[in-house]
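Accompanying notes for the structure given below.
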Amino acid sequence: MSGFQMRRLWPIMTPEPGNPQEAEGVLNPAAVRGRDGELYLFPRLVARGNYSRIGLARVLFNGDGDPFGVERLGVALDPEADYEKRPGGGGGCEDPRITFVEPLGKYVMTYTAFSSAGPRIALAVSDDLRRWERLGLARFGPYQGIELDGVDDKDATLFPVFIPNPSGRPELAMLHRPLFAGAQRGESVTPQAPDAADLDRESIWISYTRLTQESDGSHRLGPFTSHHRLAAPLTSWERLKIGVGTPPVLTRHGWMVIYHGVSEVEAPARDGRSRCYSAGVMVLSSAHPRVIRYRSTDPILAPELPEERLGTVGNVVFPTGIDRRDDLGSPDRFDVYYGMADDRIGVARLDVPELLPAVRRPGPVADPVPVTLGS
């Protein structure tokens, strides 16, 4: 078992009866502390027809400091831009992650914008978590002759501080999951040795961008470049694909990321799907995050509760939000907010161990041979 253990607390947010904005679920929230010290969730609100908005809610805590519910505060982002709209009135602002980016002095939201072109990474900034300014779609430089701006992409999040790019220059870095050939919705896996990484599966990548200052004092993000495959599917619980879950947070051991892995299951859920989404933990070097110091060989959270096994999409735990409990004087304690079966939101508690567990496979996954785009 993993040296990192996660303990479920309880569901924190369920669809509000009679609320058409939540008719098909509330799920996959960003979680971030405001300047007022309060914790805010930004859940994906799904109306009929898979029309997704990004909501805003304040987390409520009991006398012991445990989260137990939310106060709904409205909608942070509605699909309005062309890159968020689909024909026939559909649209999608989905699965946000929010990071306070220290060099900017602002909160930056990365989210999946879903239009007729497919899923793309979009960006928005805010000073107060209430008013959001869209920055548009993230721009990417080419990778081995492939124009990444035309590639489907999801599960993006930013580091809160500058980190060294491959040349050692401090830049802003993004973790994300571009969908290359072989990773495009394939559900079968070629048999392989137990310790072999399948580099054709959907993987976690890291890319970097320069932050430039305009004459009016504002900052601008350049295109993300220096693309590197950080981690690919490796073990049985993640054999179909992996993707980033929570934003990276700095711990005593390095940058910690809770990520998701997808595997096949023998018994399909009631919705007929035969996939299982579980969560693991990865620790990256604090000095050079391209180096993986630790990666769990077993999931730290897998679908077990009825709320995780039955829902809009069965057999899913999908971590997206994380809160360090500095307010309790516990910097090694984190509350992780996650989607339960694409229907509701749960919270689980993770305590970082004093010592980093030993692993059989330390270090980064090497870059693959050139890849080609799927259809």
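List of remarks:
- Unit charges at the beta carbon, dipole of the chain: most positive-side option, THR251, ALA31, GLY49: THR251
- If the chain linking ASP78 and ASP332 were pulled fully straight, counting 0.36 nm for each residue of separation and taking away their Cα-Cα distance, it would gain 87.9 nm.
- Under the simplified labelling scheme, the PHE68-SER116 pair shows an inter-label distance of 5.0 nm, with each label point 7 Å from Cα along Cα→Cβ.
- Each Cα pair under 8 Å and six or more residues apart adds its separation to the average, and for the chain the resulting relative contact order is 17 percent.
- Dividing the summed -39500 (n - 2.57) terms of all DSSP H runs of n ≥ 4 by the residue count of the chain sets its mean residue ellipticity at 222 nm at 0 deg cm²/dmol.
- Between GLU214 and GLN5, the modelled labels are 5.1 nm apart [label points 7 Å from Cα along Cα→Cβ].
- About its Cα centre, the chain has a charge dipole of approximately 500 debye under the convention of +1 per Lys or Arg Cβ and -1 per Asp or Glu Cβ, with nothing else charged.
- Residues in the stretch 96-113 carry Karplus couplings, in order, of x, 10, 10, 10, 7, 8, 4, x, 8, x, 9, 7, 10, 9, 9, 8, 8, 9 Hz; the curve used is 6.51 cos²θ - 1.76 cosθ + 1.60 with θ = phi - 60°, and Gly or Pro positions show x.
- Using θ = phi - 60° in the Karplus curve 6.51 cos²θ - 1.76 cosθ + 1.60, the 3J(HN,Hα) couplings for the stretch 50-58 round to 6, 8, 10, 10, 10, x, 9, 8, 9 Hz; x is entered for Gly and Pro.
- Considering only PRO357, PRO11, PRO67, the Gaussian network model of the chain with Cα springs below 10 Å gives its largest mean-square fluctuation to PRO357.
- Selection from VAL347, ALA287, ILE322 lying farthest towards where the dipole of the stretch 281-355 points positive, charges on Cβ: ALA287
- The convex hull of the Cα atoms of the chain, projected and averaged over all directions, covers 18.5 nm².
- Rounded if a/c under 1.5, otherwise prolate or oblate - the stretch 1-45, Cα gyration tensor axes: oblate
- For the chain, the longest site-free run once trypsin sites (Lys or Arg not before Pro) in DSSP loop states with at most 11 other Cβ atoms within 10 Å are removed: 271-359
- Residues whose placed amide H lies under 5 Å from that of ARG252, excluding near-sequence neighbours: none
- Take the Cα of SER274, step 7 Å toward its Cβ, do the same at PHE61, and the gap between the two points is 4.6 nm.
No lab work stands behind these numbers, since they all come straight from the coordinates. Every value quoted in this text rests on a predicted model; they were computed, and no experiment measured them. Neighbour counts are summed over all protein chains in view; Cβ atoms, including those assigned to glycine, are modelled from backbone coordinates with ideal geometry.
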